[in-house]
Structure formats: structure tokens, C-alpha cells
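After the C-alpha cells below, expect a handful of questions from me.
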Amino acid sequence: MATSFDIEQILALIEKNVNISDLHLSGGESIAYRLNGEIIREEKAGKLTNEIVEVILRQLFQWNPQRFDKFLGDKEADFAYQSKTGTPYRVNAFLTIGKIGIAMRKINWTAKNVEDFMFTDIAESVKKNILGAKKWLYLVTWPTWSGKSTSLVAMLEYINQTRSEHMITIEDPIEFLFQPKKCLISQREIGHDTWSFANALRAAMREDPNIIFVGEIRDRETADSALSLAETGHLVFSTLHTNSAANTVNRLISFFPPEIQESVCDRLATSLIGVQSQFLVKSKDGKSRVGVYEVMLNTTSVRNNIKKREIEQIDNIIETSSLIGMINLKKYAQRLIDKWIIDQGEVQRLFIGQGSF
């Protein structure tokens with residue numbers, strides 16, 4: 001890669017390799033990118049000066065001086081960018097020891113099918129139990145770099161292709177531009193189309209939606225609004241940075257003060273339809289990354305345990321409910337290992353203290 005002043009030349013090289021997920025540019029550093037989860041530095045191309053990175057950032061801001069000045073005032077910026085090829089990126093610009101840094105996440109501009117990345121039986125469970133539902137709340141969880149966006153785009157696109165309804169997405173920023181098929185689709189970006197998730201969720205009640213995607217639940221107000229929409233007959237999708245169904249339930253409850261958590265448990269038991277936790281690991285051949293999934297469905301047993309706040313029992317329910325379409329991370333990982341798709345060492349560290357495979 002050449003240290004070009006034109007971001008499009010750099011992106012053109014990045015886009016040639018479908019396994020590159022992120023681009024990193026920083027003053028005083030070499031161009032770097034994430035390939036199959038690992039950071040690769042292009043040291044032969046030399047180091048970028050802060051002046052070059054500033055020019056690149058101004059390009060990403062469409063040469064809008066007000067946006068650049070706002071970045072300098074805020075010392076960081078989150079925004080979306082679409083390259084000349086049509087590939088969308090999620091961009092974060094920041095300052096690091098007084099120099100400009102840029103992280104760009106490449107977003108697939110074509111939606112996958114759910115069965116493209118999940119075992120067929122689990123994909124069918126999600127489509128049957130979740131994507132065909134008319135209401136309730138479904139959460140896709142894990143920290144960053146877990147493929148949540150890919151999963152959600154695939155699920156929402158499945159709905160777009162199969163249901164004649166109104167879908168609203170509320171994102172920060174918009175990562176995938178849906179082309180309406182059967183659905184009427186309204187996509188809203190925080191800071192551009194609305195000031196906050198909470199504002200957009202309140203307004204959504206008056207916009208005649210059937211399906212609502214909330215980019216992330218970050219606080220009590222957003223959690224409360226998402227629950228209210230699920231309770232009033234809407235199918236709501238969102239994300240949390242939690243690593244299991246049980247932890248997700250506990251996190252949602254923790255958004256609320258102790259004196260009302262009992263009533264929140266009742267609301268959650270009624271309005272939650274399921275939780276999907278996931279992370280990515282390197283494939284056995286090292287050429288791609290593969291998802292490991294946990295899927296919890298809110299059955300009567302799960303519902304009763306949420307009401308009684310015996311959340312620790314949820315893991316056991318998932319473990320024994322494979323016949324009705326649930327699976328835990330450990331069993332899903334074992335299936336991948338048995339099919340020679342991944343190595344055991346790729347997931348072993350995540351199950352320390354839980355016994356061997």
C-alpha cells in the first residue's frame with residue numbers, strides 16, 4: 001500500500017481482500033489493517049505524517065471545514081463513509097498523543113442469508129421463532145468485533161424480503177443501506193436525523209412501525225423505551241455488550257434502580273423473545289473467521305426464572321433445550337470443532353473453568 005493522500009486509493013486496496021475488516025491510520029505510524037482478526041502493519045510503505053492523516057480525515061469529512069472544526073473541539077467523531085465503489089465504512093476519528101488517528105470498519109454492502117453463517121438448524125430456529133414474530137424484544141450481544149452487525153443485517157433483510165410491514169432503524173451511524181423490498185423502511189441516524197436513541201424511540205411510537213432496530217441499548221431511558229415498544233406490539237431488535245443470555249438479562253435489569261427492578265423483571269419476562277450471543281474465531285485454514293453462537297428463546301421455564309430473578313438458571317435451561325432450537329456457546333463451538341471448521345485452541349480460553357470440550 002502506498003502512503004497516498006487519497007483515501008480512495010487506500011480503500012481500493014483494502015476492498016480487494018474480503019477478509020480485511022478494519023483499516024487504521026495514525027500520524028507517526030504505518031498503515032495497518034485487521035486481517036482475519038489480526039493487525040497487519042504495512043511497514044514497507046513508511047510512516048504516515050500527521051499532515052497526511054489530517055488531509056485524509058478532511059477527505060472523509062467531504063472537505064467540510066465545520067465537521068473538521070467540530071472534531072477538533074470534541075476530540076473524536078463517529079460517522080459513516082461510503083467509498084466510490086459503494087462500500088460503506090463505520091469511521092471513528094480520535095486524537096492520540098496530540099496526533100490524529102482514524103479507525104475504519106468495513107461493512108459488507110450485501111446482506112448475507114442467516115443460514116450462510118449459522119448451522120442450518122439454528123438458523124431455522126431463529127427464522128421460525130424470532131423473525132416470524134409480530135412483537136417482543138430480541139437482543140444480539142457481545143463486545144466489539146463479534147459480527148453483530150452482520151447478523152442483524154441478515155435478519156432484518158430476511159424480514160424485508162418476507163413481510164409487508166414498516167421497519168424503522170435507529171443507528172449511530174447507519175451501517176447498511178437497506179433497499180425496500182416487501183417492507184417500507186425508514187432509516188434514521190443519530191446526529192443527522194435525530195438527536196438521540198431515546199428521542200427517536202419516543203417518536204417511533206407515532207410513526208406506525210412494525211419492526212424497530214435500535215443500534216444499541218446504552219442507558220435506562222433507551223432500555224425502558226425498547227421494552228415499552230415490545231410491550232405495545234412491536235418487534236424490537238437491539239444490541240448489548242454482554243457475553244451470554246444470562247448476563248444480558250442481568251444487564252438490562254441493572255439499568256433500573258433497585259426499587260423497581262422487580263417490576264422490570266416482570267416486564268422483561270413478558271416482552272423478551274430471546275437473546276443471541278456470538279463471537280468470531282479464526283477458521284481452521286486461517287482464511288476467514290467463523291461465528292460461535294448462543295441462542296436463548298424465552299420459553300415458559302426461562303420466563304419463570306426471570307420473574308423469580310433466578311437468572312443463573314438460564315444457562316441450565318439453554319443446555320437442555322436443544323430440541324426446541326436453543327444452543328449454548330460451548331455446544332456450538334464443539335460442533336464447529338467436530339466438523340473441522342475451527343481448532344479447539346481458538347475457543348478454549350473462553351471456557352476456562354467450565355471444563356474441557
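The values are calculated or read from the model by the stated rules, or taken from the named source; none is laboratory data. As the structure is a prediction and not an experimental result, all values here were calculated from the model. Here the Cβ positions follow ideal geometry from the backbone for every residue, glycine too, while neighbour counts run over all protein chains shown.
Hey, among the residues in region 258-290 that are among the charged types (D, E, K, R) and at pLDDT 95 or above, which one's surrounded by the fewest Cβ atoms within 10 Å (Cβ to Cβ)?
Among those that are among the charged types (D, E, K, R) and at pLDDT 95 or above, it is GLU259.
Can you run down the residue pairs with Cβ atoms below 9 Å, 6 or more apart or on separate chains, where the first is in region 36-55 and over 14 Å from ASP6 (Cα atoms) and the partner is among the aromatic types (Phe, Trp, Tyr) and not in a helix (DSSP H, G or I)?
From residues that are over 14 Å from ASP6 (Cα atoms), the pairs are GLY37/TRP145; ILE39/TYR33; ILE40/TYR33; ARG41/TYR33; GLU42/TYR33.
Identify, please: which residue in region 29-46 is within 16 Å of ILE102 (Cα to Cα) and surrounded by 14 or more Cβ atoms within 10 Å (Cβ to Cβ) and is, among those, nearest to the chain's Cα centre (by Cα)?
Initial filter on region 29-46 (within 16 Å of ILE102 (Cα to Cα)): 29-34, 39-42.
From what's left, surrounded by 14 or more Cβ atoms within 10 Å (Cβ to Cβ): 29-34, 40, 42.
Details: GLU29: 28, SER30: 28, ILE31: 25, ALA32: 23, TYR33: 20, ARG34: 17, ILE40: 23, GLU42: 28 Å.
So the residue we want is ARG34.
Okay, next question. Could you pull out the residue among TYR293, TYR332 that is within 21 Å of the chain's Cα centre (by Cα), of a type outside the set (A, V, I, L, M) and either more than 18 Å from ASN243 (Cβ to Cβ) or not in a helix (DSSP H, G or I) (or both)?
Numbers: TYR332 fails: either more than 18 Å from ASN243 (Cβ to Cβ) or not in a helix (DSSP H, G or I) (or both).
Matching residue, one of TYR293, TYR332: TYR293.
Let me ask something additional. Kindly indicate whether any position in region 41-56 is assigned to a strand (DSSP E or B), at pLDDT below 90 and over 30 Å from THR232 (Cβ atoms).
Applying the first criterion (assigned to a strand (DSSP E or B)) to region 41-56 yields 41, 47.
Filter once more, keeping what is at pLDDT below 90: none.
Within region 41-56, none of the residues are assigned to a strand (DSSP E or B), at pLDDT below 90 and over 30 Å from THR232 (Cβ atoms).
Follow-up. Being over 14 Å from ASN250 (Cβ atoms), surrounded by 14 or more Cβ atoms within 10 Å (Cβ to Cβ) and either without any contact (Cβ under 8 Å) to a residue 60 or more places away in the chain or among the aromatic types (Phe, Trp, Tyr) (or both) is the filter here, so list the residues in region 291-300 that pass it.
Filtering region 291-300 for residues over 14 Å from ASN250 (Cβ atoms) gives 291-295, 297-300.
Restricting the remaining residues to those that are surrounded by 14 or more Cβ atoms within 10 Å (Cβ to Cβ) gives 291-295, 297-299.
Those that are over 14 Å from ASN250 (Cβ atoms), surrounded by 14 or more Cβ atoms within 10 Å (Cβ to Cβ) and either without any contact (Cβ under 8 Å) to a residue 60 or more places away in the chain or among the aromatic types (Phe, Trp, Tyr) (or both): VAL292, TYR293, GLU294, THR299.
Can you spot a residue in region 223-240 that is under 20 Å from ARG188 (Cα atoms), surrounded by fewer than 23 Cβ atoms within 10 Å (Cβ to Cβ), within 16 Å of the chain's Cα centre (by Cα) and at pLDDT below 95?
No, region 223-240 has no match at all.
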